[in-house]
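Below: the structure, in structure tokens.
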Ligand code: IPM
Ligand code: MG
């Protein structure tokens, strides 16, 4: 029996999670494994209910489980709340408290969706990148941070906001090992992405990544400044295998890279720790409140996140592949949600495409 904490979150989070569970239920039957789901509130809906976006009971449910599946958090209506009460804070809190330092974001283009990519087909084809993003350091968590006032030279009181981009060598080392190990199982190349021409923290990042690379002689390593990487992802994505980077650069580059696949709605992610805490799986897209409840959102990112859960938390590689292949086959038959639809395709609702995918897992 596997205990999974389900964090639906806000907006379309509820629906995409429902789809992923339908797929997990199918896996449960076919592979004869039992999943037990515990639902807990997080984000804006938790704030409405309890006054905080991450109630203690939710965190405890997560900690006590074997794995966590999350939909999405956030809603524009909370834009004016203090940072501490915003839905996003809940997600950052869980990542940090569960020590989920390694965020894996695979960017793999389905041939079936090449037409939906904003890149020319010959550029997008065969793109297969693993973005390894450090998840609990950097400007996201660095101290000191805040908004304070200062006095200018001409004696005016003005506000100043600041965050701290900070990494220590232990943090860089552990995420580097994740990246190089991942490359060993893939195409044996790591691109370290930083801003070492300007930032001290990036110079250390590069230095430590280089030191770690020496332990992986079979893996080729190269270095790229983040601005250049943003450009190269669009002009030549096929050159990348594993991208190793910090929290903020990884956040930005993964949204950019997702478009290569035709839609933000296609990309899953896994957030891993040192193995002492349960891992968390979530689509990289947000809560899209404008689409909430309309049954039109693309559930594939969350379905593939559930597949990653089977792989990384439950060591069920075959079941992982079964989901991936079911998604591929469904796309191959021309079924599409709105975000990846073009004339002539079979347009599916969220629940319809879920049903089609589930039926292909046998
Ligand atoms: C992501 C998201 C989060 C992040 C937000 C919702 C806090 O953009 O997972 O990429 O910035 O990490
Ligand atoms: Mg993001």
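Would the range 183-197 turn up any residue that is part of a helix (DSSP H, G or I) and assigned by TED's automatic domain parsing to the domain that holds residue 231?
Looking only at the range 183-197, we keep the residues that are part of a helix (DSSP H, G or I), and these are 183-184.
Next, from what is left, pick out any that are assigned by TED's automatic domain parsing to the domain that holds residue 231: 183-184.
Looking for residues that are part of a helix (DSSP H, G or I) and assigned by TED's automatic domain parsing to the domain that holds residue 231, one finds at least one in the range 183-197, hence yes.
Identify, please: which residue in the range 23-44 is in a helix (DSSP H, G or I) and under 21 Å from the mean Cα position of the chain (by Cα) and is, among those, surrounded by the most Cβ atoms within 10 Å (Cβ to Cβ)?
Our first condition is that a residue be in a helix (DSSP H, G or I); within the range 23-44, this holds for 23-31, 44.
Add one more test, that the residue is under 21 Å from the mean Cα position of the chain (by Cα), and what stays is 23-24, 44.
On the way: 23: 25, 24: 24, 44: 27.
Among those that are in a helix (DSSP H, G or I) and under 21 Å from the mean Cα position of the chain (by Cα), it is 44.
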| request: List the helices (runs of 4 or more DSSP H) that sit entirely inside the range 247-354 and contain at least 3 residues that are more than 16 Å from residue 19 (Cβ to Cβ), touching a residue at least 24 places away in the same chain (Cβ under 8 Å) and away from ligand 1 (no atom under 16 Å from the Cβ). | output: 317-332
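Name the one entry in 253, 291, 310 that is on the phi < 0 side of the Ramachandran plot, crowded, with 19+ Cβ neighbours inside 10 Å and away from ligand 2 (no atom under 13 Å from the Cβ).
Working: 253 fails: away from ligand 2 (no atom under 13 Å from the Cβ); 291 fails: crowded, with 19+ Cβ neighbours inside 10 Å.
After ruling out the rest, the residue left standing is 310.
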| Within the set of pairs 6+ apart or on separate chains, which have a first residue in the range 91-117 that is on the phi > 0 side of the Ramachandran plot and in the same structural domain as residue 343 (by TED's automatic domain parsing), a second that is part of a strand (DSSP E or B) and within 16 Å of ligand 1 (Cβ to nearest atom), and C-beta atoms under 9 Å apart? | none
| remark: residue 65: passes all of (1) more than 25 Å from residue 290 (Cα to Cα); (2) assigned to a loop (DSSP other than H, G, I, E, B); (3) within 16 Å of ligand 1 (Cβ to nearest atom) but (3)
| said: So residue 95 passes all but one of these: (1) closer than 28 Å to residue 336 by Cβ; (2) in contact with a strand residue (DSSP E or B) (Cβ under 7 Å, 6 or more places away or on another chain); (3) outside any strand (DSSP E or B). Which condition number does it fail? | reply: (1)
| Does residue 274 satisfy being under 20 Å from the mean Cα position of the chain (by Cα), crowded, with 17+ Cβ neighbours inside 10 Å and not assigned by TED's automatic domain parsing to the domain that holds residue 176? | no
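The values are calculated or read from the model by the stated rules, or taken from the named source; none is laboratory data. What you see is a predicted model; the values in this text were computed from it and never measured. With ideal geometry, Cβ positions are generated from the backbone for all residues, glycine too; neighbour counts draw on all protein chains shown.
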